[in-house]
Amino acid sequence: MASKHAGVGGSNIHRKIGCPGSHALEAAIPDDESKFAGEGTDLHNVMEDWVRTDEPPELGLHAGPYIPALNEEQLDVLQWCFDIVDLLIGDSDFKLEEYNDFPGLEDAGGTCDVVIFNADGSYSLVDYKFGRGVPVSAE
């Protein structure tokens, strides 16, 4: 379940390219996880298990350090996400937690939550976003 994190990835590449000095400056700052990010990580792990096993989580499941017991709202969000991922996967082959390097950039890459190998030879990449408190854009 643990995914590899690169120093330069999808969530920060715009800043690293726009201000190359930010990489060195940010290295000195502790990477403290907020409760929102922690909840997102716990939900991510539940989602990964669900997609891997096709077994839905149950109300009250201990999901991790930030979610001692899944509640109805969290289950609804997980169900919404699973329905989309299941539709995208269909009968296609897929891999979970697939790390990919960004060629030409040192320490650059990212882990795709789901890589779907479509019948037409294309790929669909899925990245779960469950945290609260900080908006995340797909751009």
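Which one is modelled with the highest pLDDT among residues in region 113-138 that are open to solvent by 100 Å² or more (accessible area, probe 1.4 Å) and not in a loop (DSSP other than H, G, I, E, B)?
Residue satisfying both the conditions and the ranking: 123.
What's the number of the condition residue 79 fails, among (1) under 23 Å from residue 58 (Cβ atoms); (2) in contact (Cβ under 8 Å) with a residue 24 or more places away in the chain?
(2)
Can you confirm whether region 86-106 contains a residue that is within 24 Å of residue 132 (Cα to Cα), among the hydroxyl-bearing types (Ser, Thr, Tyr) and in contact (Cβ under 8 Å) with a residue 12 or more places away in the chain?
Looking through region 86-106, none of the residues is within 24 Å of residue 132 (Cα to Cα), among the hydroxyl-bearing types (Ser, Thr, Tyr) and in contact (Cβ under 8 Å) with a residue 12 or more places away in the chain.
Residue 87 versus (1) more than 20 Å from residue 38 (Cβ to Cβ); (2) open to solvent by less than 30 Å² (accessible area, probe 1.4 Å); (3) among the aliphatic types (A, V, I, L, M): which is the lone unmet condition?
Going through the list (1) more than 20 Å from residue 38 (Cβ to Cβ); (2) open to solvent by less than 30 Å² (accessible area, probe 1.4 Å); (3) among the aliphatic types (A, V, I, L, M), residue 87 breaks only (2).
Residues checked against (1) open to solvent by less than 80 Å² (accessible area, probe 1.4 Å); (2) modelled with pLDDT of 80 or more; (3) of a type outside the set (Asp, Glu):
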{"site": "16", "(1), (2), (3)": "yes, no, yes"}
{"site": "20", "(1), (2), (3)": "no, no, yes"}
{"site": "32", "(1), (2), (3)": "no, no, no"}
{"site": "40", "(1), (2), (3)": "yes, yes, yes"}
{"site": "44", "(1), (2), (3)": "yes, yes, yes"}
{"site": "49", "(1), (2), (3)": "yes, yes, no"}
{"site": "63", "(1), (2), (3)": "yes, yes, yes"}
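The values are calculated or read from the model by the stated rules, or taken from the named source; none is laboratory data. Every value quoted in this text rests on a predicted model; they were computed, and no experiment measured them. Because the Cβ atoms are built from the backbone with ideal geometry, glycine has one as well, and the counts that use them run over all protein chains shown. These accessible areas exclude ligands, DNA and RNA; they are computed on the full protein's heavy atoms, side chains included. Shrake-Rupley method; radii C 1.70, N 1.55, O 1.52, S 1.80 Å.
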